[in-house]
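Beneath this line is the structure, given in structure tokens, with notes to follow.
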Amino acid sequence: MTVPVIHTEQLTKSYGEHRGIIEVDLDVQPGEAFGFLGPNGAGKTTTIRTLLDHIRPTGGKAFVFGIQTTADPVAIHRRLGYLPGEFVLYDKLTGGQTLEYFANLRGGVDQAYQAALVDRLDLDPSRKYKEYSKGNKQKVGLIVALQHRPDLLILDEPTSGLDPLVQQQFFALIGEAKVEGRTVFMSSHVLSEVEKTCTRVAIIRDGRLVRVDSVEALRDMAHHQVELRFAGPAPAAEFEGLPGVSELVAEDGLIRMRVAGAIAPIVRAAARHELVDFVSREPSLEETFLAEYGTKKTAGPAEVAR
Amino acid sequence: MTGSAAQVQSVSPLSRVFGLGSVFAKTLRDSRRATLLVGGLVGLLVIAVSAGIMSQFSTPEARDEIGNIVNAVPPILAGLAGKPVNVETLGGYLQYKYGGFLPLVTGLWSIMALAGTLAGESRRGSLDLVAAAPISRRRVAVEKAGGHLLMLAVAMLVIGISTAIAGSAFAALPGDEIPPGAAFSFALWLGLMAVAAGSLAFALAPFVGRGSAAGVAGGVMLGGFLLNGYQEAIPQLAPFANLTWWGWTADHIPLAGQFDTVSLAIVAIVSLALLAIGVEAFARRDLGASTAIPGPRLPRAMLGLRGPVGRAASERFPTGLSWGVGLGLFGLIIAGSGASFIEQIGESPEFERVLGSLFPGIDIGTVGGFLQLVFIEFGLVMAGLAAAGLVGGWASDERSGRLEMLLSAPVARRWWPLSGGVGVLAAIVALVIVTATGIAIGAATAGGDVWTPVLGTAAIGLYAAAMAGVGIAVGGLIGPAFAAPTVVALTLTTWLVDLVGGDLGIPDWIHQLALSTHMGQPMVGVWDATGIVACLVLAAGGLAIGTLAFTRRDLRS
């Protein structure tokens, strides 16, 4: 059986009176691109810093590459690349010197690959770190994380501050890492970027995992907002009983409803009447996520699927 | 899955030692300027002062006079100087006059370096990336501390060599020669005093963060210095004085030929233990997690949320209050010891005669007189450093980028330096009030005149305001990064001119440039109008120049 690259058991971290994360159970398989989603303050960064042994769990355990994080963090760090959510590097060093320093801390890196990353992310390495814009500072952090071709990439809000063109480059780099069989663990509160990159997603809210599933399955959570306009009075009764229909509202010749799952039964029922207009809108995954997890309080263990 | 080994450029051995090849190497690289500054400055100072002493006191008669004067100083006044051992020789006089102050300079460097080396990086977030490298946290901490210790050793080596050169080049009379062993023992003592202070900060920083660790270590260093100095005059202080490295090494006076090597070993062992605590605490605790030490906090109603002036005042107020508490306590102890001073002056007609010639027409044998002799010089230095701290806080609005948001509100640009300046001045007023309260309590306890020294405390405020004015002008003209360092440099340069000017034979016109020369004797009610005007001009002019310049330049960070 393959050892998960990341494995947590009831991982808990509390900061005195403040909540951190509560009983997080997570498995990330080798070669997987895994999205870690949640609103601000949900516990994403706390989970990540626990995986790095930057902070220690108050309960449960975390393993990376099968090694308990508190037992041998150096062995774990040797194989990972990390981009923190917030960081400030050394004002007096240039971008190039910063990359050199972090490369040296790893015993050296492939210079050609480092140069290629600098080129692809369009970073001017001759400027001092303090002179960089927010986006360029983020690029330095990304190259620090990527330049040694780590087996595991842990990226906390990686696209923050990057312009769309550089974001494209970033997604391409992540794609290449996946092709090379490396594992990516990426936190975000932007669902669309996780959707582009990842195959599986965990959703954390109020410190607890509320769902772990494939991106496809999350997409299945998506519903259609359907609007039908009839030439005569709206035959609301015919639609009320159909599978997946909810929130049905009828006004004169107009019916509005929410349809989860297949839409074919709606189409067939509508075709039996004189239909003037048919509008079906699919909300984005983000809207679905917000509808499902944006306001609902969590309780009980996460719903986990593979 | 990693890149092919053939393409990986390995780290050169040289860059592992100095440069960007390791945490240790980067620590050395980052410390190079401070090492040159401390080693070079103290080394040059020792050489220059030795040359000055020898040119002024080259005859046996002059040496006897020094010995007589120093030995006539009553213990209550000898507090801030060293023990008078063989002061008729070059080494003995050097250590008597400067031996007490130099460890403060090296200690301050060590505190700033070791408090910030991990906690500072941790606070800004860069340590998250360093700690994600395949290096254990223990190793990161050991390399950081080791880097500082090595650079400190280099600086001490420079000081040792300078002292040996001074002792050999300027020796004029028998006993003046400073053997290399004594010179390096002096340098070793200086280094260990610095390491003791720095290692305390290093041990505390993982628990309480950079600022608090530096504050506590600085307080212990300064407190130990004062307690050790006054323990002979005030025996009640002795039990506390011997709690710090100042008390432990009080009998180690190598330049005077008196050695106490065991005490150095104790300081070294304690320092190593503190460094080990710091390393372990850093390795075991959550990265960046620290507990704030409770300090003066303002109630919500005083947070100054209604406008820029109130906000600036409330931001600076706790700093002013903290400095005031420190200075007030010192003033309280000194003023409270005034009765002993008056008694000891009465017992030493020789010293009374010396004082009479130094302060003609002034009755120095009072509580105010004692404060003038002991408190005011130190108080002015502390006031200057307090002003630097307040100006640094003012400049942090711009350095942190907060000003970008503040000035996006419909507030005229000139309001920021003006309101910030008013906030700094308000904090200085708070500092003066608290200091004066301490002095008033002490003077009342000693049974002397209370009002004259209390009013004299205003000199501290005037000096601080002037220094703050200079800082704000520099911040407006050149940029926020230079504001506080300029005030620190000006304060310390002024202090050094006062301290070594006489021995160096500095021309009087240079001495007259120092603002502290024009402060009169405020603790005994003698004011110098030139100094008062100069302070007011510097405070108001600095604020005006800073405001004008700031409105015309780009925002910087």
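The values are calculated or read from the model by the stated rules, or taken from the named source; none is laboratory data. Quantities reported herein were computed from a predicted structural model and do not represent experimental measurements. Don't worry about glycine lacking a Cβ; one is built from the backbone with ideal geometry, like all the others, and counts go over all protein chains shown.
General remarks:
- Region A:78-88 - residue that is in a loop (DSSP other than H, G, I, E, B) and either at pLDDT 90 or above or in contact with a Gly (Cβ under 7 Å, 6 or more places away or on another chain) (or both) and, of those, farthest from the other protein chains (Cβ to nearest Cβ): A:R79
- The number of residues in region B:184-209 that are surrounded by fewer than 24 Cβ atoms within 10 Å (Cβ to Cβ) and at pLDDT below 95 comes to 3.
- Residue in region A:89-107 that is nearest to B:G125 (Cα to Cα), counting only those that are within 7 Å of chain B (Cβ to nearest Cβ) and in contact (Cβ under 8 Å) with a residue 40 or more places away in the chain: A:L89
- Test: residue in region A:175-190 that is at pLDDT below 90, over 18 Å from A:G81 (Cα atoms) and more than 14 Å from chain B (Cβ to nearest Cβ): yes
- Matching residues in region A:246-269 - criterion: being modelled with pLDDT of 90 or more and touching a helix residue (DSSP H, G or I) at 6+ places or on another chain (Cβ under 8 Å): A:L248, A:A250, A:I255, A:M257, A:I266, A:A269
- Residue in region A:58-75 that is at pLDDT below 95, polar (S, T, N, Q), more than 19 Å from A:H189 (Cα to Cα) and out of contact with any Ser or Thr (no Cβ under 8 Å at 6 or more places or on another chain) present: yes
- Only one entry in B:A214, B:A233 is more than 30 Å from B:E177 (Cβ to Cβ) and modelled with pLDDT of 90 or more, namely B:A214.
- Members of region A:250-266 found to be more than 15 Å from A:S280 (Cα to Cα) and surrounded by fewer than 17 Cβ atoms within 10 Å (Cβ to Cβ), listed by number: A:E251, A:D252
- Between A:L11, A:L83, the distinction of being buried (at least 22 other Cβ atoms within 10 Å of the Cβ) and either more than 21 Å from the chain's Cα centre (by Cα) or free of Cβ contacts under 8 Å to residues at least 60 places away in the same chain (or both) belongs to A:L11 only.
- Assessment of region B:80-92 against the conditions (in a helix (DSSP H, G or I), more than 30 Å from A:D53 (Cβ to Cβ) and among the hydrophobic types (A, V, I, L, M, F, W, C)) yields at least one matching residue.
- Residue in region B:459-473 that is assigned by TED's automatic domain parsing to the domain that holds B:L371, modelled with pLDDT under 95 and not β-branched (V, I, T) present: no
- Of all residues in region A:31-47, none are within 12 Å of chain B (Cβ to nearest Cβ) and part of a strand (DSSP E or B).
- First in region B:245-270 and not assigned by TED's automatic domain parsing to the domain that holds B:E177, second anywhere and of a type in the set (D, E) and part of a helix (DSSP H, G or I), Cβ under 8 Å, 6 or more apart: none
- Qualifying residues in region B:48-71 (those that are touching a residue at least 60 places away in the same chain (Cβ under 8 Å) and crowded, with 17+ Cβ neighbours inside 10 Å) - the one nearest to the other protein chains (Cβ to nearest Cβ): B:A48
- Any chance B:D528 is surrounded by fewer than 20 Cβ atoms within 10 Å (Cβ to Cβ) and touching a helix residue (DSSP H, G or I) at 6+ places or on another chain (Cβ under 8 Å): yes
- The single condition among (1) of a type in the set (S, T, Y); (2) part of a strand (DSSP E or B); (3) surrounded by fewer than 20 Cβ atoms within 10 Å (Cβ to Cβ) that A:S160 does not satisfy is (2).
- Restricting B:L20, B:L90, B:L14, B:L108 to those that are among the aliphatic types (A, V, I, L, M), surrounded by 21 or more Cβ atoms within 10 Å (Cβ to Cβ) and either within 14 Å of another protein chain (Cβ to nearest Cβ) or free of Cβ contacts under 8 Å to residues at least 60 places away in the same chain (or both) reduces the list to B:L20.
- Applying the criterion of being charged (D, E, K, R) and assigned to a strand (DSSP E or B) to the residues of region A:246-277, the residue that is nearest to A:F230 (Cα to Cα) is A:D277.
- Considering region B:120-148, the residues that are of a type in the set (A, V, I, L, M, F, W, C) and not in a loop (DSSP other than H, G, I, E, B) include one that is farthest from the other protein chains (Cβ to nearest Cβ), namely B:A145.
- In region A:111-131, the condition of being within 11 Å of chain B (Cβ to nearest Cβ), part of a loop (DSSP other than H, G, I, E, B) and crowded, with 20+ Cβ neighbours inside 10 Å is met by no residue.
- Any hit, region A:141-153, residues being touching a residue at least 24 places away in the same chain (Cβ under 8 Å), in a helix (DSSP H, G or I), farther than 26 Å from B:R556 by Cβ and small (G, A, S): yes
- Selection status of A:G107, modelled with pLDDT under 90 and either among the aromatic types (F, W, Y) or under 24 Å from A:E180 (Cβ atoms) (or both): yes
- Residue match in region B:29-36 (condition: more than 14 Å from chain A (Cβ to nearest Cβ) and either modelled with pLDDT of 85 or more or in a helix (DSSP H, G or I) (or both)): yes
- 2 or more residues touching a residue at least 60 places away in the same chain (Cβ under 8 Å) and under 30 Å from B:P74 (Cα atoms): qualifying helices (runs of 4 or more DSSP H) within region B:350-444: B:367-374, B:376-399
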